[in-house]
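See structure below.
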There are 2 protein chains.
Amino acid sequence: MNVSDIIEKFLLDTLGDELSVNFNRNELATYFAVAPSQINYVLATRFTPERGYMTESRRGGGGYITLIRVSQNVDDVLTNYIDQTLSDGIDYGKACQILERLTADGIFTENEAQLIKAAISDKALLAPTVAKNKLRGSILKCVLLETLKTHDDGE
Amino acid sequence: MNVSDIIEKFLLDTLGDELSVNFNRNELATYFAVAPSQINYVLATRFTPERGYMTESRRGGGGYITLIRVSQNVDDVLTNYIDQTLSDGIDYGKACQILERLTADGIFTENEAQLIKAAISDKALLAPTVAKNKLRGSILKCVLLETLKTHDDGE
DNA sequence: ATGGTCAATGGTCAAAGATAGTCAAACTAT
DNA sequence: ATAGTTTGACTATCTTTGACCATTGACCAT
């Protein structure tokens, strides 16, 4: 297991049930004996908006980083993702983050998320790398739209 | 006996009764004094879906390969479909039939089938018509494989 | 009060490192 | 000859590091 994964886990543990957690970048970096910028790397790759996180920070003396779990109305989340993935395409990692987030929100079951992941994996999408993201975006969009439909029906 | 056979045997032994085994490609290659890519060769020729195996992996620091056993004997229906959709591609109607059949068999829930249908609809697959069936086949294959995997987990 | 300086933060980005994947050429066994 | 194996060059992806930049607040001089 690499250090970034360990730091991720540590932050998740520290976050626990709380809405946010506050820390000092250099301190954390020293604790895990990594370059300070690796903290940014972990935040950028693991605690993304797709997964429902955001950060705030301040430089200078007494500087800090706050990691925040954002909660949002589920339909809004869905529509946001639909709008976003609509045009630009999306890579597999980001797509998984979205699916995990939606699973955490109870929109998908674990199994459904797994199936969708399989459907949009690089392996499934036999296309040149460039085209893949576009295609994946389109597929995901259709799936989310379908979900939005049945979700609305359901209530 | 050639080295590939030996590596195959080693992996089978290591796998034992477990559902999956995790290893590092370079380490394994070094251990058997072969080129790293030979590990891929062994996986590609011996641990195929048709034989009841699949793999997952990650590159970069802390990278790994996971060899996963999927159900070998039980799900003949599924494996048949997998073989069929593997090569030729499949049109949307046929795909839906398969999904409905599998839903009737209790492999998929209604909802799961809906999601998959959305994912392989003509709308989702932005590609030339000719390419669509091929692509749909590939996606469906991945989904079915995934199902075999999680199916095994459950029992 | 006002502005200047400096140390203590955090941010960015590109390079280096660490893996795994692909593919075709060379080799080997049948 | 043909099919299967082995190798290596090249590629793709993920992680880790470090050099350089930006911001903030404390302290100081005026």
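What residue among A:127, A:108, A:73 has its Cα farthest toward the positive end of the dipole of region A:6-155, where the charges are +1 on Lys, Arg and -1 on Asp, Glu, each on the Cβ?
Towards the positive end, the residue furthest out is A:127.
Explain nothing, just the number: dipole magnitude of the protein assembly as shown about its Cα centre with +1 on each Lys and Arg Cβ and -1 on each Asp and Glu Cβ, in debye rounded to the nearest 20.
Computed about the Cα centre, the dipole is about 1360 debye.
Can you put B:31, A:92, B:81 in order of Cβ neighbours within 10 angstrom, beginning with the fewest?
Going from sparsest to densest Cβ surroundings: B:31, A:92, B:81.
With +1 on the Cβ of every Lys and Arg and -1 on the Cβ of every Asp and Glu, and nothing else charged, how large is the dipole of region A:74-153 about its Cα centre, in debye rounded to the nearest 20?
Dipole about the Cα centre, nearest 20: 500 debye.
In whole Hz and in residue order, list the ³J(HN,Hα) couplings for region A:59-64 that follow from phi through the Karplus curve 6.51 cos²θ - 1.76 cosθ + 1.60, θ = phi - 60°; x for Gly and Pro.
Per residue, the Karplus-derived 3J(HN,Hα) values read 8, x, x, x, x, 7 Hz.
When the dipole is taken about the Cα centre of chain B, and only Lys, Arg (+1) and Asp, Glu (-1) are charged at their Cβ, what size is it in debye, to the nearest 20?
740 debye
How big is the equivalent ellipsoid of chain A along its three axes, where each semi-axis is √(5λ) from the Cα gyration tensor, reported in whole Å from largest to smallest? Provide the component values of the computation, followed by the final result.
Working: eigenvalues 197, 70, 37 Å².
In descending order the semi-axes read 31, 19, 14 Å.
So what are the three principal axis dimensions of the protein assembly as shown from its Cα atoms, in whole Å, longest to shortest?
64, 57, 37
Values quoted throughout were computed directly from the atomic coordinates according to the rules given, and no laboratory measurement underlies them. Quick caveat, the model's predicted, so the values are computed rather than measured. Backbone-built Cβ (ideal geometry, glycine too); neighbour counts: all protein chains shown.
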